[in-house]
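Below is one structure, written out as structure tokens; comments come after it.
The values are calculated or read from the model by the stated rules, or taken from the named source; none is laboratory data. As the structure is a prediction and not an experimental result, all values here were calculated from the model. Please note: Cβ atoms are built from the backbone with ideal geometry, for glycine as well, and neighbour counts cover all protein chains shown. Accessible surface areas use protein heavy atoms only, side chains included; no ligands, DNA or RNA. Shrake-Rupley method; radii C 1.70, N 1.55, O 1.52, S 1.80 Å.
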Amino acid sequence: MGCRDVHAATVLAFLSGTAALSGLIAAALLPNWRQMRLCTFNKNEKNVTVYTGLWIKCVRFDGSKDCVIYDTEWYTAVDHLDLRILQFTLPISMLTTVLALFLCLIGMCNTAFISSVPNIKQARCLINSAGCHLVAGLFFLLACVICLAPSIWVIFHNQEMNKKYEPVFSFDISVFIAIASAGGLLFTAILLFLWYCACKTLPSPFWQPLYSHAPSVHSYASQPYSARSRHSAIEIDIPVVTHSS
């Protein structure tokens, strides 16, 4: 694996994380987290379906694509606990994903444009590519947990509402989009972890998450001399002059 170059694994992880972020944004904006279908026995009236999202609510008649009622202030009056929690967790998950993508991009740019041997005078200001990818993987994993847990809870809470009231509630496509996005974040995190585990065996401190000491030239280039030849430079024979009587 060419770890000193921008590898296909890191590029794939960045694209996967971007796709997962797009899915989270779509799930957060669509009014398709829960459906409530209201049926009527009057032949002169149409059945009504209420589409509930995190921020808006839409009411439609059967066979119509237009919203009869489009409530844009629904987010202030959400009375479903699971949706209220998602109003906080999904934005947090998206912000965490953006931070992880930013770190991943810094790591790739640093790998692409950095020289093989860094400037020792700027050792404390160097950006560690492997450290960026490792921390990005942790952020992706955290974003996955923050998004996945409340999204799955919507399914179980929907069953509880059907038992408590009437079986008129069903979860909608946004639940599947959010769960799929969480799976994409998990895949991205695992991909970055596998990439790091394959690269950390290199002797160069480039692939350590933190520097334990200031790097030197000996840390990046192997020396052709043996240990004895390096120490032989200080083994100097000092001649002793004696005066004979």
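Quick notes on this structure:
- Residue ID - nearest to the chain's Cα centre (by Cα), chosen from residues in segment 14-44 that are aromatic (Phe, Trp, Tyr) and modelled with pLDDT of 85 or more: 14
- Test for residue 121: is it more than 23 Å from the chain's Cα centre (by Cα) and either open to solvent by 50 Å² or more (accessible area, probe 1.4 Å) or at pLDDT 90 or above (or both): yes
- Of all the listed residues (81, 101, 95), the sole one being open to solvent by less than 60 Å² (accessible area, probe 1.4 Å), among the aliphatic types (A, V, I, L, M) and under 33 Å from the mean Cα position of the chain (by Cα) is 101.
- Contact annotation: residue pairs with Cβ atoms under 7 Å, 6 or more positions apart or on different chains, pairing a residue in segment 74-94 that is without any contact (Cβ under 8 Å) to a residue 60 or more places away in the chain and assigned to a helix (DSSP H, G or I) with a partner that is open to solvent by 10 Å² or more (accessible area, probe 1.4 Å) and hydroxyl-bearing (Ser, Thr, Tyr), are 87/75.
- Pick from segment 7-23, criterion part of a helix (DSSP H, G or I) and not small (Gly, Ala, Ser), ranking: surrounded by the most Cβ atoms within 10 Å (Cβ to Cβ): 10
- Residues satisfying the stated conditions in segment 28-55, i.e. hydroxyl-bearing (Ser, Thr, Tyr) and either open to solvent by 30 Å² or more (accessible area, probe 1.4 Å) or out of contact with any strand residue (DSSP E or B) (no Cβ under 6 Å at 6 or more places or on another chain) (or both): 40, 51
- Residues that are surrounded by 20 or more Cβ atoms within 10 Å (Cβ to Cβ) and more than 10 Å from residue 93 (Cβ to Cβ) do not occur anywhere in segment 142-149.
- Positions within segment 56-75 being over 22 Å from residue 26 (Cβ atoms), open to solvent by 60 Å² or more (accessible area, probe 1.4 Å) and not small (Gly, Ala, Ser), in sequence order: 61, 68, 69
- Top-ranked residue in segment 191-205 [being in a helix (DSSP H, G or I) and open to solvent by less than 60 Å² (accessible area, probe 1.4 Å); ranked as modelled with the lowest pLDDT]: 205
- Filtered residue count, segment 45-67, keeping only those that are at pLDDT 85 or above and either touching a Cys at 6+ places or on another chain (Cβ under 6 Å) or in a strand (DSSP E or B) (or both): 6
- Candidate set from segment 19-62 (those that are of a type in the set (D, E, K, R) and in contact with a helix residue (DSSP H, G or I) (Cβ under 8 Å, 6 or more places away or on another chain)); member that is nearest to residue 184 (Cα to Cα): 34
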